[in-house]
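Where a number appears in this text, it was derived from the coordinates with a stated rule and is not lab data. Keep in mind it's a predicted model, so treat the numbers as computed, not measured. Here Cβ is always computed from backbone atoms with ideal geometry, including for glycine, and neighbour counts include all displayed protein chains.
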C-alpha cells in the first residue's frame, strides 16, 4: 500500500513527527483558508513532482486557487493529479534525508540518512549516505541514533529533534507494518525547527488485515488491476500485448522471460497461485480478456492445482465471452491429459515446454501458424 | 522492591487488571466510606496474613473501624501492621492462581497458573501447576495463553477474561521491570467477573532508576538496612552476633559459611563491593558497629580494592566511635602488609585464611584467646 | 545422506485439519515421510489420514517424538505457530504459508536462529530429499534420487526445473525451496554451505529471481567456498523495472537486485546461467 | 590452547575513559592482552594508556580489527553498548557491569546468542587464560599457567579460590567468571562443555552459590558428558532462607536452589564439594 503525501503526513503526525500545516483540495473552489504563503503540491504516487511542475508556490488565496487549477488534472509521469495539498511554506535552512526500510540480507530494518536531502536519494554519492541497521529483536538503540547524528554533523538542538524524528519514525515503521518510511527532505527551518517536508509511506500489503483503516487507500493500480486485487488475483498490466497466465510468481516471470527471448512482449501478468477453483480461474481469464491481448499464453505446472479444472475455467470464460483470442497452453501436472483435451476442444494449441509455448505464442501473434 | 497489596493493586489497575474497590487507612478514624460489606486486610510484606488473623470481614462502618483497630499494630510474622486496606467483599465461585517470574535456566519469563488458587502455591501438587515459558524476544504469543486456558478448563467467557488478565500482567511485568507478578487468588465471582483477589509485585531493584515514582516505597528493610541502602551499601541483618564485612557477595557468603562451620553465627552481612573509598568503608563500619556485634570479622580479597585503604577506614571508624569490639581481619591484595600494620595498631587480629579467620572470630566471641 | 531432511525426521503438521494440511499429509506420507502428528488447536483427539491430532506442538513432541514441523497455517497465525514449534524444541521448521507480514518475519526468523532452529521459508514449497523424506508441497512424481542439490527461491518454477532435471537424468540429493520472501530462515548461502559439505551432493542448481541481493551474495560465496559445480537460473530477466511481480518480493531497486546484476555476478563466479528453465539439465551435462 | 580467550583476541574496551576502564586497560595489557582500541562516545581521537579511543565499536572493528569487547559501562547503558558490539560483529563480549536490570538482560542475552556471539557475564569478573590473555578484573598476580579450568558464578570468591589453587600448585588453563546474575550469556553447562573439549584442560573447578538451578544442571551434565575430574565449592550453605544476600541473585526458592540441593546434586554426580574455599586444591590433589 502506497500512500499519498497528505495521508502519509496525517499518519506521521499521529506518531509525533512534525509536519507542516496543510489542507487538501480536489477542486479549486474547495480552497478556502489555506496556510499562506503556501506551496501547492500535486498528490500523486510518483517521484519527480517538483521538476514536472507539480509543486508551486502561492502567496494569496486567489493565487493558490489559480495554481491549483493549473496543477489539478495534470499528467505527471502517467499519473493524473486528482488532489492538491496546500501546505505552509517552510523557510529552509537545510534539507536532510531520512529513510527506513528492510534489509533482506541482514534480516534487519535499515535506517538511511544523508545531509544531502531534497535530491533524489539514488543520486547521493554512496559515501555521503549513512546506513545503520536496527536489530528488530531489541529495538532501536541509542548507539544507532548517535552514529547517525555524528554522520549528519548537526547542532545539538537540531540533532535532538532529528533523533526524536528517528525514534518516532521507527515506532511508526514497526507498528504500521511499513516497508518504507521516507522523509525527503527532512527540513531544518530558519527558525530551528525540524519538519518533514515530504512523506513517503509504503505499508506491507500482507499486513493489510491488521490495518483495516487503510483499506482502499492504495491508488497505485490501473482500474483492471484494482478489479483483480478486489477479487484476490495477482494481476499486473505491462507494456506488451501477450497475456500471460501462470501459477506462481517465479514461473510467471520465467514465462515472460521466455516470451521476450523469442521476440514477444507480455501485456498482462496473471499469477493464478495455487488455486484450481474453476470459478476463480474463469474470473482471472475474464480479467485477462478485458485487457485485449493479441494472444493468451497459459503455463501451468501443477502441484495441487488440477490441470483439468484450470482448463475447464479457461473454456468457460472463452465460451461465455465469445472471445476469439488465440490461446497457447502448456499444462503439466495432475490430470494433464484431460486438460489438454478440453483446451484442444476450444481450439487452443498445446506445447510441451516453456520455450516451445513462448515460440508458438509469438508465431500466433504474428498471424501464424 | 516489594509492594504492599494496595500499592500493587493500584499498579494492576493501571494495566487494566480488574481489582476490587478499596480504601486505605492508617487509623480507624480515617475510615469514612468503606465499600460495604468489606474485608479489612493488614498491609504487610509477608505471606500468611489470613491465617494470622490479618484479614477479617466487616458488615458496617462501625464494625470496619472495630476490626481495623484490632488489626492495626498487630505483629504478623515479625512485621508490624501500619495500614489496613478495606476492600469490597467478593462472592467467590472459584479461586485461581497466576504468577509471572523469570526462569534463569531458560533465560525466559515463566508464566505459572493453577486452578487450585487461594492456597500457598508451594503446596499445590506439581502436576496441578501449569508452567509456560514466554519468549521475551517475540513477546507473549496466543499459543501460551491457549495452553494455559486449556489447563485451567474454564468456561469460554471466564477464559477470555483470564486471557486478558494474563496479557495485561505480562505487559506490566515487562514495562515495570518486575521480578514477580503474582495474583493469588485470581477470583472468579458468582457474577462471572474475574478479579485480582490479592496482588504481589516485586520490582527489580536494579531498575529503580527507570521508575523514580517507586523510590522509597520498599518497606522490607530494618531501619539499619534502610540507612545502608540509602548510602548505597549492601547490608543485611541476620540472627547471629558476629558482624561480617567482606567484598563481593560470594566471598561474604563463603565467610558466613566458614563462621557457621566453626560454630559461630553471622549477625550482619555487609558486602563492601569493589569500593576502597575510605569514607565509604568508614560509613560501612559505623553501620556495622550500630548493629552491636560481639566480634567483627573482616575478610577482604583485593582486586582493585586497596587493602590499606580498607584498613584505614576500619581504624578511623573504631577510633571515632570509641568502639571496643574485637576485630579479626584477613586481608589479601594490594598493599597487604601495610593493611596488616594498620589493623594491628588498633589491636585487631590477623588471619591468613578464611578458615583461620572464622576460627579466631568464634574464639574471640567466647572470650578468648 | 542429504541435507537438513532425512528419513529420520518425525514430522508434525501444524494446521493438519485444513484442506492443504490434509492433502499434503497424504502426499508427504506417500513420499515416505514419517508424519507422526498433527496440530490444530481445539481438535485434539481426532485423526487425519490416521495421524493423531493434538492441541499443542508440545504434545506432539512429548507423545510422538516429533522433531520437525511443517506449517500449513493461515498467515495471521504463522508467527504464533512458528514460535510455538520453536519453544516446543522442534529443530527443523518449514513454513509454506505465503503473504506473512514482513514485520512478523522480522520477529520470528531471528528468534528461530537464536534458538538454533533451522527454518525453511516462509512462502516456500518446502524441502525434499528423494528416497528419504519430503516436507512441503512439491509434487512427488517429479523427483528422482540423485546427487544434485537444488536451492530455489521460487515455487512452481522449482517444480519445472526439478522435473526437467529428472527427465534429463539429474536426480536430486535434496531440493531446498528457501522461499521468495524478503526475510527467510535459510538463505542461499546457508544452503550452499550445506550442499558443499554434503557427501551425497556432487553439483548444485540455484534458482534465483530478481529483487534482493541473495544471488549476488551466493555468487560471492561460491567464488570463495564452493568447489562443486553450480548451475543457475534467474527469473525476471525481462521484468520491467519498478513493477512488483506478485508476492515474490521482486521489487527492483536502483542498480542492485536486477537480473543483469545477478547474471553478471554468476558469470564472474564461473556459474553458467540457463536461458530457459529447460536448459538447466543441458548445462549440468556440460559441467 | 585455552577456552574462549587466547592471545589472538584483539580487545576493545567499551567505557575505556572511566576510572575502571582505564585501570583495567593497564592491568589487562600487563597480563599480555592485546588491547587494540577503546570506545567512549564523544571521545574519539583521544588515547588512554596509548590505546586509541573511538566513538563507535564499528570504528574499532574497522580500524583496529577488534574481535572481542569488554564492557566497563554503567548499568543503564549496557544494553545499548552490548547490542552495539554485537551488531559491529564482535564475537566475544565480556560484561563486567553489575546491577543491570533483568529485563534488559532478557533482551540482549538471547540477542547475542541469536547472532552467534559468546557473551560472558553480566556481573562477572571476566575471563582469563594465563599465559595468553585476560578480559576482566581478576588480579593478575593470583594466576598461574596450568591445566585446570575454573568456572565461577562469583567475583572475589573466584580470586580466593584461584589464589588458593595457584598456591597449591594447580595452575589454570582458563578461568571463566560466568557471573552471578539470573540471566547470563554463558552458563555453567556451556563452560563445562568447552572445558571437556579443551585439550589443555585436565580437570575442572566449579564455584557455585545458592539461588537458581545452574549447579543442579551442571551436575546433571557432568554425569552425562564430562569425563574429566570436577571439584566444586558452593557458597551460601548457611545463608538463612528468604534473605537475599546482595546482588548475587541468591534468592532461595522453595526446595530448589538451596545449597543442600546443590551439594546433593554434586554428590550424586561424583563431584567432591569443598567445605572451605581453601580446601579446593586439597580436593584437586586427591582426584
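Where the centre of each part is set by its Cα atoms, how far does segment D:28-67 sit from segment A:302-369, in angstrom? Centre-to-centre (Cα) distance: 68 Å. The mean number of partner chain beta-carbon atoms within 10 angstrom of a residue's beta-carbon across peptide A:206-215 is 3.
Taking only the Cα atoms of segment B:116-246, the radius of gyration and Dmax are 19.1, 58 Å. Between copies, residue C:264 shows label-point distances of 7.0 nm, shortest first, with the point placed 7 angstrom from Cα along Cα to C-beta. For segment B:206-288, the Kirkwood estimate of hydrodynamic radius, built from reciprocal distances between every pair of different alpha carbons, is 13.7 Å.
Each peptide among D:45-55, A:70-80, D:257-267 gets the average number of other Cβ atoms lying within 10 Å of its residues, and from highest to lowest they stand as D:257-267, D:45-55, A:70-80. Panel order for A:214, A:170, by other beta carbons found within 10 Å of each beta carbon, from fewest to most: A:214, A:170. Averaged over the residues of peptide C:151-164, the number of Cβ atoms from other protein chains lying within 10 Å of each residue's Cβ is 6. Here, P(r) means the percent of Cα pairs in each 20 Å bin from 0 to the largest distance; for chain A it is 25, 42, 29, 4. Binning every alpha carbon pair distance of segment A:1-73 at 10 Å from zero, what are the percents per bin? Histogram of Cα-Cα distances, whole percents per bin: 19, 50, 29, 2.
In angstrom, the C-alpha Rg and Dmax of segment D:21-169 are 15.4, 47. Extension gain for residue A:171-residue A:93 works out to 25.4 nm (0.36 nm per residue, less the C-alpha to C-alpha distance). Pairwise Cα separations in chain C fall into 10 Å bins from 0 onward with the following percentages, short to long: 7, 31, 35, 21, 6, 0.
Against chain A, whose longest principal axis comes from its Cα atoms, helix A:307-320 is set at around 90 degrees. Each of residue A:77 and residue A:265 was given a label point 7 Å from its Cα along the Cα-to-Cβ line. The distance between the two points is 2.0 nm. Normalised by residue number, the volume inside the convex hull of the Cα atoms of segment C:86-153 is 107 Å³ per residue. In terms of packing, defined here as the mean over residues of other Cβ atoms within 10 angstrom, the peptides D:112-123, C:33-44 line up highest first as D:112-123, C:33-44.
Per the Kirkwood formula applied to alpha carbons, the protein assembly as shown shows a radius of gyration over Rh ratio, Rg over Rh, of 1.01.
Would you mind getting me the FRET efficiency between residue A:51 and residue C:167? Use the beta-carbon distance for r and R0 = 56 Å, nearest 0.05. Step by step, r from the Cβ atoms, then E = 0.55. With N counted as the residues of segment C:126-285, its alpha-carbon radius of gyration over 2.2 N^0.38 Å works out to 0.95. Normalising the average separation of contacting C-alpha pairs (under 8 angstrom, six or more residues apart) by the number of residues puts the relative contact order of segment B:92-213 at 30 percent. Here the contact order of chain C, divided by its residue count and restricted to Cα pairs under 8 Å and six or more residues apart, works out to 15 percent.
Sorted largest first, the principal axis extents computed over the alpha-carbon atoms of segment A:9-164 equal 50, 35, 28 Å.
Each residue, residue A:230 and residue A:338, gets one label point 7 Å from its Cα in the Cβ direction; the gap between the two is 3.4 nm.
Nearest chain C C-beta to the C/D rotation axis, reported as residue and distance in angstrom, is C:114, 1.
Neighbour counts of other C-beta atoms within 10 Å: give me A:344, A:126 arranged from fewest to most.
The order, fewest Cβ neighbours first, is A:126, A:344.
Taking packing as the residue-averaged number of other Cβ atoms within 10 angstrom, the listed peptides D:148-157, C:8-17 run from highest to lowest as D:148-157, C:8-17. Report, in degrees rounded to the nearest 10, the 0 to 90 angle that the Cα long axis of helix B:278-290 makes with the longest principal axis of chain B. Compared with the principal axis, the helix lies near 70 degrees.
Across peptide B:255-267, the mean count of Cβ atoms from other chains lying within 10 Å of each residue's own Cβ comes to 3. Counting only alpha carbon atoms, the long axis of helix B:142-152 and the longest principal axis of chain B meet at about 80°.
The Cα center of segment D:165-238 and the Cα center of segment B:276-297 differ in position by 34 Å.
Among chain A residues, the one whose Cβ is nearest the axis of the rotation from A to B, given with its distance rounded to whole Å, is A:137, 3. For residue D:227, the distances from its label point to the matching points in the remaining copies are 3.0 nm, ordered from shortest, with each point set 7 Å beyond Cα toward Cβ.
What would the Debye equation give as log₁₀ I(q)/I(0) for segment A:92-171 at q = 0.21, 0.26 Å⁻¹, counting only Cα atoms as equal point scatterers? Reported log10 I(q)/I(0), two decimals: -0.99, -1.41. Plainly put, the tip 7 Å out from Cα toward Cβ on residue D:50 is 7.6 nm from that tip on each other copy, the closest given first. For segment B:215-369, pairs of C-alpha atoms spaced more than 25 angstrom apart make up 19 percent of the total.
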